[in-house]
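Below is one structure; the comments refer to it alone.
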Amino acid sequence: MTWSQVSARRLARAGLAGPVEDGGPAEVVARMCGAHAQVMSAAEMSVALRLDGATRADVREALWGERSLVKTHGPRGTLHLLPARDLPRWVAAMSSIPAGTSPFPEGVRMTAERTEQVVAAIREVLDGRTLTIDELSEAVVEATGPWAGDLVMPAFQTMWPRWRQAMALAAHRGAFVYGPVRGRKVTYTAPPVDLGPVTRQDGRATDERGTETRAADGQATDGQGADGRAALVRAYLRAYGPAAPEHFAQWAGAPRGWAVAAFGLVELEEVRLEGRPAWVLAGDTGTPDEPPHGVRLLPYFDAYLVAGRPRELLYAGEAARRALAGGQAGNYPVLLVDGQVAGVWHQRRSGRRIEVTVESLAELTADRLSALEGQVERIGGILEGTPRLTVGPVRVGAHA
């Protein structure tokens, strides 16, 4: 496969060649294989721009009203929107990733036993409740012991209690999802769906309350973990294949060995991407008849950018210098032209007025400028404001 063919295929499957017509926000997020939500406004834009006429309000309703979406820690431990219906498979897959080396010194980090206590406590105290971080902290310390509340974790010019280093792991185990903001405070609550057995870091399977679940022969079972990994490989390759295990590992934030094993759970077919070995689901070798085309404005950490590898093909030439940050994709919102990163952009809001500045790495033809103006209008509609386009240098840094 050529890069042009792969680019056209990914654009179509990511909902960027045209709006997704057979579903709402949850279907879009499923096709994206999760929407990065560290910047919530960017997540809302990522999802809405893939639906005809949708706004940020539609995404918020799916998340906080319908609960067809959940906000939790996903790939790489970062915040994501995920379809609630798929959360059991995500939890099964994410909880199977081996624990990395703790970044904290010995006097700060928790033992494996205490980590399990914290995860179980979070699950228990959020059963039927929605708590702010302060309320959750008080409940976790009460359930585990004073050691959990020791202020030993440096964070944002302050110190966090010891137990909070287990938050991402607890989310990957399905102990909590994010709840609606209360005033200015983030809240946490129980998942809106039944998760079934969850694989622990030590390979044992537990139910939602942390009780170990064993097969008929008395041995712990990792069946759901394997099923979750297989489902995640399928979803990832449908959206972003062809890809290699190392690409999947980088996207998931997992060791390469875990990714290789996960690929081994699925029937695959080897292809060549610009002469390099890569894999798709068996029989899924089709590509669109037409080359990639169109102008798109993608927000911070759009899934198409973060999952798009090889980087040097998506961010070709000058785009790598201008739109990557230390090799990392997503720190800049980008201008996408015919499937290639072709510039960066920035938006600044004041009331309903939205100033959009687009810096193109090449001169825009009349047709592309007209398409860009349409994209700016679409972004104004998503953000429920009145946009104005300026074509010129973007003078803010990454993630501004």
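Nothing charged except the Cβ atoms of Lys and Arg (+1) and of Asp and Glu (-1): what's the magnitude of the dipole of the chain about its Cα centre? Round to the nearest 20 debye.
880
A329: net charge of surrounding residues, Cβ under 11 Å, Lys/Arg +1, Asp/Glu -1, itself excluded?
Computed value for this residue: +1.
How large is the Kirkwood hydrodynamic radius of region 1-139, in angstrom, based on all distinct alpha carbon pairs?
By the Kirkwood definition, the hydrodynamic radius is 17.4 Å.
In which sequence would L49, L268 go, from the one with the fewest C-beta neighbours within 10 Å to the one with the most?
With the fewest neighbours first, L49, L268 line up as L268, L49.
Would you grab the residues whose amide H sits under 5 Å from the one on R129? Only those 5+ places off in sequence or on another chain, please, with H modelled 1.01 Å from N.
Residues meeting the amide H criterion: A190.
Restricting to the chain, compute how many DSSP beta bridges are antiparallel as a %, nearest 5.
90
Taking the Cβ of each residue in E355, E44 as the centre, tally the other Cβ atoms inside 10 Å and list the residues starting with the fewest.
E355, E44
For the chain, what's the relative contact order in percent, using C-alpha pairs closer than 8 Å and at least 6 residues apart?
Taking the mean separation of contacting Cα pairs over the length of the chain, I get 17 percent.
Just A175, A231, A371 to compare: in a GNM of the chain, with alpha carbon springs under 10 Å, which one fluctuates most?
A371
Only loop residues by DSSP count here, and only those with at most 10 other Cβ atoms within 10 Å; note down the GluC sites (Glu not before Pro) in region 92-128 that meet that.
Hits after loop and neighbour filter: E106.
For region 338-378, which trypsin sites (Lys or Arg not before Pro) are both in a DSSP coil and crowded by at most 15 other Cβ atoms within 10 Å?
R352
Among K71, K185, which comes first, second and so on when ranked by fewest other beta-carbon atoms within 10 Å?
The order, fewest Cβ neighbours first, is K185, K71.
Relative to a virtual label point 7 Å from the Cα of E135 in the Cα→beta-carbon direction, which members of region 168-191 show backbone nitrogen distances below 13 Å?
179-190
Readers should treat all values here as calculations from the given coordinates under stated rules, not as data from a laboratory. What you see is a predicted model, and the numbers here were worked out from it, not measured in a lab. Heads up, the Cβs are rebuilt from the backbone with ideal geometry, glycines too, and the neighbour counts pull from every protein chain shown.
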